[in-house]
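Okay, structure first, notes after.
The values are calculated or read from the model by the stated rules, or taken from the named source; none is laboratory data. All of these numbers come straight from a predicted model, not from anything done at the bench. No Cβ is skipped: glycine too gets one built from the backbone with ideal geometry, and neighbour counts run over all protein chains shown. The protein model used for the area step is the full one, side chains on, heavy atoms only, and it has no ligands, DNA or RNA in it. Shrake-Rupley method; radii C 1.70, N 1.55, O 1.52, S 1.80 Å.
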Protein chains: 6
Amino acid sequence: MKIGIYPGSFDPITMGHIDVIERALKMFDKVIVAVGEHTDKKCLFPKDKRIEMIKEALDEKNIEVESFSGLVIEYAKKKQATALIRGLRAVSDFDYEFQFALMNRKLDSDIETIFIMTRGMYCYLSSSIVKEVASLGGKLKDLVPENVEKEMKNIYSAKT
Amino acid sequence: MKIGIYPGSFDPITMGHIDVIERALKMFDKVIVAVGEHTDKKCLFPKDKRIEMIKEALDEKNIEVESFSGLVIEYAKKKQATALIRGLRAVSDFDYEFQFALMNRKLDSDIETIFIMTRGMYCYLSSSIVKEVASLGGKLKDLVPENVEKEMKNIYSAKT
Amino acid sequence: MKIGIYPGSFDPITMGHIDVIERALKMFDKVIVAVGEHTDKKCLFPKDKRIEMIKEALDEKNIEVESFSGLVIEYAKKKQATALIRGLRAVSDFDYEFQFALMNRKLDSDIETIFIMTRGMYCYLSSSIVKEVASLGGKLKDLVPENVEKEMKNIYSAKT
Amino acid sequence: MKIGIYPGSFDPITMGHIDVIERALKMFDKVIVAVGEHTDKKCLFPKDKRIEMIKEALDEKNIEVESFSGLVIEYAKKKQATALIRGLRAVSDFDYEFQFALMNRKLDSDIETIFIMTRGMYCYLSSSIVKEVASLGGKLKDLVPENVEKEMKNIYSAKT
Amino acid sequence: MKIGIYPGSFDPITMGHIDVIERALKMFDKVIVAVGEHTDKKCLFPKDKRIEMIKEALDEKNIEVESFSGLVIEYAKKKQATALIRGLRAVSDFDYEFQFALMNRKLDSDIETIFIMTRGMYCYLSSSIVKEVASLGGKLKDLVPENVEKEMKNIYSAKT
Amino acid sequence: MKIGIYPGSFDPITMGHIDVIERALKMFDKVIVAVGEHTDKKCLFPKDKRIEMIKEALDEKNIEVESFSGLVIEYAKKKQATALIRGLRAVSDFDYEFQFALMNRKLDSDIETIFIMTRGMYCYLSSSIVKEVASLGGKLKDLVPENVEKEMKNIYSAKT
């Protein structure tokens, strides 16, 4: 069974992430969406909320949502994953991803990193820009799944 | 009347910004320099000081300097602007600007974003590098307008 | 009157070019689509055909279609243009455009170069890729205007 | 069965290509190395020689080597492929690959494009640079498989 | 005597830094590794520890390790340096380095900035990624010199 | 004695090349400007003319101008050079230069490649753009040395 791991903060999950996951499902028998624990402090949503929002947004049987701590490559080995999955949106992603992939290959050469491009219409999307738009009172329709839209509204209306 | 809006933090305004504004004046009947309020916390100068410094540095009749809060695209609509103006210096700007332009187009497709390149000699200039140079005791001549140079000196001599 | 000049080979005009022209019309009172003569030898379509196809595809009163020879900046001066218009699609465009803009500014500092980003869905589009797809028997729907689609079919069916 | 298609000119196959193919074999049940026919004219080696060299260099049972003509995406559909495979070496590849992936997605949204990064030590490798080195009398050891090295020597010693 | 200055935070020194220094020694009669004081607050190791670790890792007679404060270009002038040395790893470095070099040339046109590329196998290496890997419990072998490896272990085992 | 080799086509030499050479002279006891023979066919000027123009433009005693054939790295070894010198203008140069440097290091690890940035005002300059401007009747003042300007005029007036 081919398992792909899609690691990230998902703070919150966006339509761009969902696009990558759905494309990855064509390639892998199972996709594990792996929510990093160690990024928790800087996140808008606590880890459990982030996981809950992903689960609600993605209700497919070949997807698992989990948290992980430590090096993603160690986690991938434990899960017997074939590959790490990364989304590419634009050149700015490229260098970081390159570094990430080369470092992981150095740490464990058995697990591959593959890159999937997001749909053109999502190439402006990131969790950061979603948070910025929300904090300035902008609409999140088409940027995040509906359940995330509601959660974002709760947070930012509470803030003001 | 064609109105262009040049949004930013302007913390402080540099010769590179002034270069972009002067080029933009050829294109638009009025250019509004729009100082973002929401970035106030992280700024060296408070919003009112930033506005004051821009007004002193740019004494032309087709320029307005204002602050704005919320989404720049909403502000642009309220001002009946034709376009947002952005300066391009180098590739590192490109990706962020691309994301910014695509997101704004998604939020309101009526307002265009246009890009103007700064003069070669200003392509190393940014508000951040100006603050770094000033904090290390470097000279700011030719990097910022004279009035800004004085204000920077006051701040950094006070700091030491 | 603010005149913008959009220079290029337009061999053939694509939906991406049309997108840029329509956005430019919001900024300028007149947009001159300027077809370079000197590139004629390497082109699939002769200059007159390229001009004819643009005129058919763009039937708006504020657009003029002309050919030019020599330096575009000299042509722009003769036409009393305010600015040259360039489309930006991706980073690969950036460096060439930067060089183009800086060289033109060196040759004549009165005429500005402004950049307009194409719609996300057109960022993969170029005249070259359109010709490649056509030569391999692919469909051109949504990539070029209908009249260009027909002309391309004539050429490539004649070739095989 | 998950089939991946790795299209290219392979003029000639390099150690970088082989690196990508071997990584791809972890992901797919079968990898088809697809040699483009339409690029034949500009190639150093004729199509059949290029295929023969790939077959000699890669003797694994889950690899097929074939030529194709027309659009790669049509060929991929006919082969019931899950995905197209592309190697990424550096930023210069990125834009072309982005355009390639977006255009193919436009032509057929069912077939995915995935990207695999080549090993750091191969990131300077391309068929073009291999031909340049060979034409200048440089050694090809570690750059191409041994059988290709011999073929290149024959060609370039014959040329001088 | 040709003196090169290699400025940085070195928090901590990595095998990539050492690679650049060793290459620079071929070019210069003396290389001064200049540890910036003003970055002290954000650093994992205090300035003196960073200097000590560099000295231990590099025991060659043409290398000096010093701290500096203020503008690096002023420090370079005082040291009668011929050039500043910078390592280039990837495109992401490029823009910052370009800005850094142009600004320094503006501040003092007598001192040149030269760029040396790190070995392919180190292009994923940075002090930041080393700290990230260490904080997640990963191995630092081949990433940093042995003495730094020990220091990192002390810090991160103390933290947990 | 530290010898630097600056290889290229120099078809023709530009003010940007001269800028790099003058900066390199601060670093090296001797700079050899090495004109590639193998590029002769595609060049506007024959090799001997290119060498003559460089010699006329650069009349300094620490500069040698020579032609070379074969791999530049072999030539550098024969000349007992310390390093190859390359100019960096913009990101588009970067990838090619990276490939060039890594390949040369693979072929001979003893000779270093160093990069020098051209002055901001020359970052739009290349031999190609100079030829394009000249062929379209533009002025070459400040772009190439005076002697080259004359030669270019002769060629292009003869062509028309």
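Does region B:106-123 hold any residues that are facing another protein chain (nearest Cβ under 7 Å) and touching a residue at least 12 places away in the same chain (Cβ under 8 Å), and which are they?
B:LEU107, B:GLU112, B:THR113, B:ILE114, B:PHE115, B:ILE116, B:MET117, B:CYS123, listed by residue number.
With the condition being within 29 Å of C:LYS106 (Cβ to Cβ), among the aromatic types (Phe, Trp, Tyr) and open to solvent by less than 10 Å² (accessible area, probe 1.4 Å), I'd like the strands (runs of 3 or more DSSP E) fully within region C:1-76 carrying at least 2 qualifying residues. Full working, then the answer.
Details: elements: C:3-8, C:30-36, C:63-68.
Correct list: empty, since no element meets the threshold.
Can you confirm whether F:GLU60 is out of contact with any Lys or Arg (no Cβ under 9 Å at 6 or more places or on another chain) and modelled with pLDDT of 95 or more? Don't jump to the end; show me each part of the working.
Working: out of contact with any Lys or Arg (no Cβ under 9 Å at 6 or more places or on another chain): yes; modelled with pLDDT of 95 or more: no.
In short, no.
Criterion first (away from every other protein chain (no Cβ under 12 Å) and aliphatic (A, V, I, L, M)) does E:LEU58 satisfy it?
Here the answer is yes, as E:LEU58 does meet what is asked.
Can you pull out the residues in region B:104-157 that are basic (Lys, Arg) and out of contact with any strand residue (DSSP E or B) (no Cβ under 9 Å at 6 or more places or on another chain)? Can you show your working first?
At the first step, the residues of region B:104-157 found to be basic (Lys, Arg) are B:105-106, B:119, B:131, B:139, B:141, B:150, B:153.
Result: B:LYS106, B:ARG119, B:LYS131, B:LYS139, B:LYS141, B:LYS150, B:LYS153.
Out of all the residues in region B:3-45, which are touching a residue at least 24 places away in the same chain (Cβ under 8 Å) and within 12 Å of chain C (Cβ to nearest Cβ)?
Result: B:ILE3, B:GLY4, B:ASP19, B:VAL20, B:ARG23, B:ALA24, B:LEU25, B:MET27, B:PHE28, B:ASP29.
Quick check on region D:140-152. Is at least one of its residues closer than 16 Å to D:PHE45 by Cα, touching a residue at least 24 places away in the same chain (Cβ under 8 Å), part of a loop (DSSP other than H, G, I, E, B) and open to solvent by less than 20 Å² (accessible area, probe 1.4 Å)?
yes
So which residues in region B:125-139 are polar (S, T, N, Q) and part of a loop (DSSP other than H, G, I, E, B), if there are any at all? Can you show your working first?
Start the filter on region B:125-139 by keeping residues that are polar (S, T, N, Q), which leaves B:126-128, B:135.
Hit for region B:125-139 is B:SER126, nothing else.
Tally the residues that are modelled with pLDDT under 85 and not in a strand (DSSP E or B), restricting the search to region B:103-124. If you could, list the steps in order and put the result at the bottom.
Kept after step one, since they are modelled with pLDDT under 85, are these residues of region B:103-124: B:103-110, B:117-124.
Restricting the remaining residues to those that are not in a strand (DSSP E or B) gives B:103-110, B:118-124.
Residues meeting the conditions: 15.
Let me spell it out: the conditions are (1) within 18 Å of the chain's Cα centre (by Cα); (2) within 18 Å of C:SER9 (Cβ to Cβ); (3) of a type in the set (Gly, Ala, Ser); (4) modelled with pLDDT of 85 or more, and C:ALA134 meets all of them except one. Which number is the exception?
All conditions are met except number (1).
Looking at (1) open to solvent by less than 40 Å² (accessible area, probe 1.4 Å); (2) more than 20 Å from D:ILE116 (Cβ to Cβ); (3) not β-branched (Val, Ile, Thr), which is the only condition A:GLN99 fails?
Among (1) open to solvent by less than 40 Å² (accessible area, probe 1.4 Å); (2) more than 20 Å from D:ILE116 (Cβ to Cβ); (3) not β-branched (Val, Ile, Thr), the lone unmet condition for A:GLN99 is (2).
Six or more apart or on different chains, Cβ under 8 Å: which pairs go from a residue in region E:48-65 that's touching a residue at least 40 places away in the same chain (Cβ under 8 Å) to one that's of a type in the set (A, V, I, L, M) and assigned to a helix (DSSP H, G or I)? Could you list them?
Here the result reads E:MET53/E:VAL148; E:ALA57/E:ILE18; E:ALA57/E:VAL148; E:LEU58/E:ILE18; E:LEU58/E:ILE21; E:ILE63/E:ILE21; E:ILE63/E:LEU25, each pair linking region E:48-65 to a residue that is of a type in the set (A, V, I, L, M) and assigned to a helix (DSSP H, G or I).
What is the residue count in region C:139-160 for residues that are facing chain D (nearest Cβ under 10 Å) and touching a helix residue (DSSP H, G or I) at 6+ places or on another chain (Cβ under 6 Å)?
Residues meeting the conditions: 1.
What are the residues in region B:125-138 that are touching a residue at least 24 places away in the same chain (Cβ under 8 Å) and open to solvent by 10 Å² or more (accessible area, probe 1.4 Å), if any? Break it down stepwise before answering.
So in region B:125-138, the residues touching a residue at least 24 places away in the same chain (Cβ under 8 Å) come out as B:125-127, B:130-131, B:135.
Once the filter is applied, which keeps residues that are touching a residue at least 24 places away in the same chain (Cβ under 8 Å) and open to solvent by 10 Å² or more (accessible area, probe 1.4 Å), region B:125-138 yields B:SER126, B:SER127, B:LYS131, B:SER135.
Taking A:ILE85 and the conditions (1) more than 10 Å from chain B (Cβ to nearest Cβ); (2) open to solvent by less than 10 Å² (accessible area, probe 1.4 Å); (3) modelled with pLDDT under 75, which numbered condition does it fall short on, given that it satisfies the others?
The single condition A:ILE85 does not satisfy is (3).
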